[in-house]
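Heads up: the structure comes next, in structure tokens.
The values are calculated or read from the model by the stated rules, or taken from the named source; none is laboratory data. Bear in mind the structure is a predicted one, so any value in this text is a computation, not a measurement. When we count neighbours, we look across all protein chains shown, and the Cβ atoms used for this are built from the backbone with ideal geometry, even at glycine. The protein model used for the area step is the full one, side chains on, heavy atoms only, and it has no ligands, DNA or RNA in it. Shrake-Rupley method; radii C 1.70, N 1.55, O 1.52, S 1.80 Å.
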Amino acid sequence: MLSKKMEDAFNDQINAEMASAYLYLAMAAHCEDNNLKGFGHWLRAQNNEEVGHAMKIFDYVLERGGKVALKAIEAPAAEFGSPAEVFAKVLAHEQHVTARITSLYELAVAEKDYASQIFLQWFISEQVEEEASASEIIERMKLAGDKGSALVWLDKELGKR
Ligand code: FEO
């Protein structure tokens, strides 16, 4: 059985993952609206991943005999600027999520909830990957500079995700 504190924290994280999904979906719309279909495709895939993260926690809360409490999802912005600005925001957002996961883990330690510590280890590893893939795209964009042809190539690459 989950403690009330863990249950509340996991429910907040379900909401945060759904808000992440919504954010990436808004970014996908922004990119596609600016003729960057590959960027949009990558962000749509990211949206799906975030829903997957939320569902993983959803299932875990139920498995531990907790109660799932879904909350309103914060509306994302509609404008995100240039592709470089979009991905700077993706990375900043993932760093924010990493901090949230770290706090959840610290709570699981304080609560002596060993099962939740093991469960959260998957998310800790996932955040390393999430930050690394956003950073890689930012670095590639820096290499492309303001060459339009390089941006078109990168858009094609991201479309392969
Ligand atoms: Fe669910 Fe991208 O963190």
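Quick notes on this structure:
- Taking region 4-158 and dividing mean pair separation by its residue count, relative contact order in percent (alpha carbons under 8 Å, at least six apart): 28
- Listed pairs Lys4/Lys71; Lys4/Lys89; Lys4/Lys67; Lys56/Lys156; Lys56/Lys89 exceeding 21 Å between Cα atoms: Lys4/Lys89; Lys56/Lys156; Lys56/Lys89
- Region 4-158: C-alpha gyration tensor shape, a/c 1.5 cut-off, then a/b vs b/c: prolate
- With the highest mean first, a sort of the peptides 78-89, 27-38, 134-145 on other beta-carbon atoms found within 10 angstrom per residue produces 27-38, 78-89, 134-145.
- Cβ-Cβ FRET estimate between Met55 and Lys142, R0 fixed at 41 Å, reported to 0.05: 0.75
- In Å², nearest 10: area of Val109 left accessible to a 1.4 Å probe: 70
- Positive-end residue, region 1-115 charge dipole about Cα centroid, Cβ charges, pick of Thr98, Ala75, Gly38: Thr98
- With each label modelled as a point 7 angstrom along the Cα→C-beta vector, the Glu131-His96 pair spans 1.6 nm.
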